Every structure is written in C-alpha cells, then in structure tokens.
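Q: Pasting a structure here, questions to come.
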Amino acid sequence: YATQQQIASGHASTGHCGGHATPGEPSGDKGCCFNYWWNDDSNDHGVTNLSNPSPDDDSEYVTSAFDIFLNERQGDPFVAHISFHNCHIPYIGTVEAREKCRKGETCRLPDPGAKPYTEWELDFYACLNELDGGVGRVLETLGDRGYYDDTMVWFTTDNGPEVNCPNGLCGGTFQRPEGPWDPPRHKKGLVGPGSQGLLRGRKRDTWEGGHRVPGIVSYPRVVGKTYRTSWETVVTMDFLATMMDVLGLDVATDRPEAQRDWAFDGKSIMPMLRDEAWPVRGIGWMFWNHNISHAKGIGFRYGPWKLVNTS
C-alpha cells in the first residue's frame, strides 16, 4: 500500500550470520541464523540488530514486529519487507507442530508402506506449517486494519530445498528424496527434506529446481477475486520496478541523479496483474560469483528455452 507522499518503510526479519558469531555476542556459537532485525531510525541503514531470545515458533517474533509497525501507521501508506527464518537451516519445529504433523493433522502422512517421517522431516514440515501460520497472521492483520484490498502482497522464497543431489537427480518421490538423511549439514551423499516437485535440481543448482520457486501475488484492487496462473519468469529484482510503476515513477528520470546511469534490470509485473501481454525476456544465472561460476554452473533462459553449463 503506497503513494508518493510520506511512505513509511518497515523491515522485520531474521539474519544469516554466514558462519560467524551472533552480532553483539562474539562469544556465541558460530554458524548462527537466529539474529533479528528491527526498524531503527537512529541508524544510517535504518535497522538495528537484536539477539534477544525468541519464541519457540520464531515466526511469531517476526509477525509481531509487523503488527506493531502496521498499528503505528494508522492507515498511512507503507512498504514492508518481512523475512521469515522458516525453513532455513538450522530449523527445529515446536513440539506441538511436530506432533500435529506426525498424526497427519497438518501433514500428509507417508505413503502406505513407506517409512515414518524422520526427525528432520518432522522439524522441517513443522517449520513449514509455522510459516504458513505466520503468513496467515500477516494477512489477517492487513484485513483487520483495512489495508488488505489496497495492498500488494508478494510471497516467495529465494531458492529450492536443501540438500543437493548428484547431477540434480535425487530419486525417490517428489515429496521424499532418496538416500541417507542429513540433519542437514550439506554432507556429500546425504539428502534433506523439501520438494522441488517435477523440477530437476535443488538449492545450489542452476537447474530449474534450484531457483524456480512458488510465487504468489495478491493485489485485490487490481487483480480482483479471480485468481490466475502465469508461467512467466518473475524475479525479486522486479519488486522495485513494480513499486515504481504503482507510484507512477519513471526509472529514467525519477531516481536520484547520482543513480540514473546505474543498470536497472527489473521489470514491472503490473501488466501481468492486469492480464495484459508481458514481453519475453532473457535471464542469466551465475553461482556465487563470476570467478567460480564456470565450475559451479552458469545458465541462461529465454522464453521456454534454457542453457545450463554445469550445475
């Protein structure tokens, strides 16, 4: 929900420490993924890091931050970025969520004759259900405060599931990859929970399963109540272009002068939301950085065609 006048921005998320200790707690364990970020107008970058204890279901921590933020808006426009930790490594589900999954209340039970879910599967699917509850709370908050119909909501993730399989082919079923289970810690020859469906590849692949992920956009005032499915390629760099389109801003002339010669790769998806034609475009992928991309994999897609050079 945004206009060009006085847009408030909110950022509620968990952080990824990249193998280092928790900010503010240098003596803590390394490899953490449990630091949280809140708005802080006193900082130049607008956010501050907190490492306070969180609820067992840490999605509640993030959604409560959004609830506080939206309550302060009092009907004013806003832009918010909400990043959930679920189901990023390390993940652990609450006891209640695990038991509901085990009993089949919130999870589909294993196929007849298949082994029961492992502890790692129960944790993963419990976290997934907790994420679902967190997203539901965000949407309810928008509705309760009268924002829902005029708010564009994007829901997506950044990559396919952990852990990679040889040549992107895991075997087993779509729901349960085949092989020894990893807790997971990316060990060679082990697999992790999570499904990429019919697609080949997982998180660190340039195959489609590495980066083609669910994307849901809700914008009732524009889309209406009839949902549509599109197979167009949309990426997170389209967020900014779409917001500028909604605000009536021109990429060439309405950016700060010092940034006008910067590359701008995103495209507005507003034509797609209005069920209008959307031109085909090409997109390239490099794994991590250009220095090692040829060893790890590069790819290029144009329309229905894709070139993959290792993965």
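The values are calculated or read from the model by the stated rules, or taken from the named source; none is laboratory data. Note that the coordinates shown come from a computational prediction; the quantities given were computed from them, not determined experimentally. Just so you know, the surface numbers come from the protein's heavy atoms only, side chains and all, with ligands and any DNA or RNA stripped out. Shrake-Rupley method; radii C 1.70, N 1.55, O 1.52, S 1.80 Å.
Q: Express in nm, to one decimal, how much length is gained between Asp41 and Asp144 on full extension, taking 0.36 nm for each residue of separation and deducting their alpha carbon distance.
A: Stretched fully, the Asp41-Asp144 segment lengthens by 34.4 nm.
Q: Under the rule of at least 5 residues apart or a separate chain, name every residue whose amide H is placed under 5 Å from the amide H of Ala80.
A: Result for Ala80 returns Gly10.
Q: In sequence order, what are the phi-derived ³J(HN,Hα) couplings for the stretch 115-128 according to the Karplus relation 6.51 cos²θ - 1.76 cosθ + 1.60 with θ = phi - 60°, rounded to whole Hz, with x for glycine and proline?
A: For the stretch 115-128, the Karplus curve yields 5, x, 4, 6, 4, 6, 5, 4, 4, 5, 6, 5, 4, 5 Hz.
Q: Determine how large the accessible area of Ile92 is when every protein chain is in place; take a 1.4 Å probe and give Å² rounded to the nearest 10.
A: Answer for Ile92: close to 120 Å² accessible.
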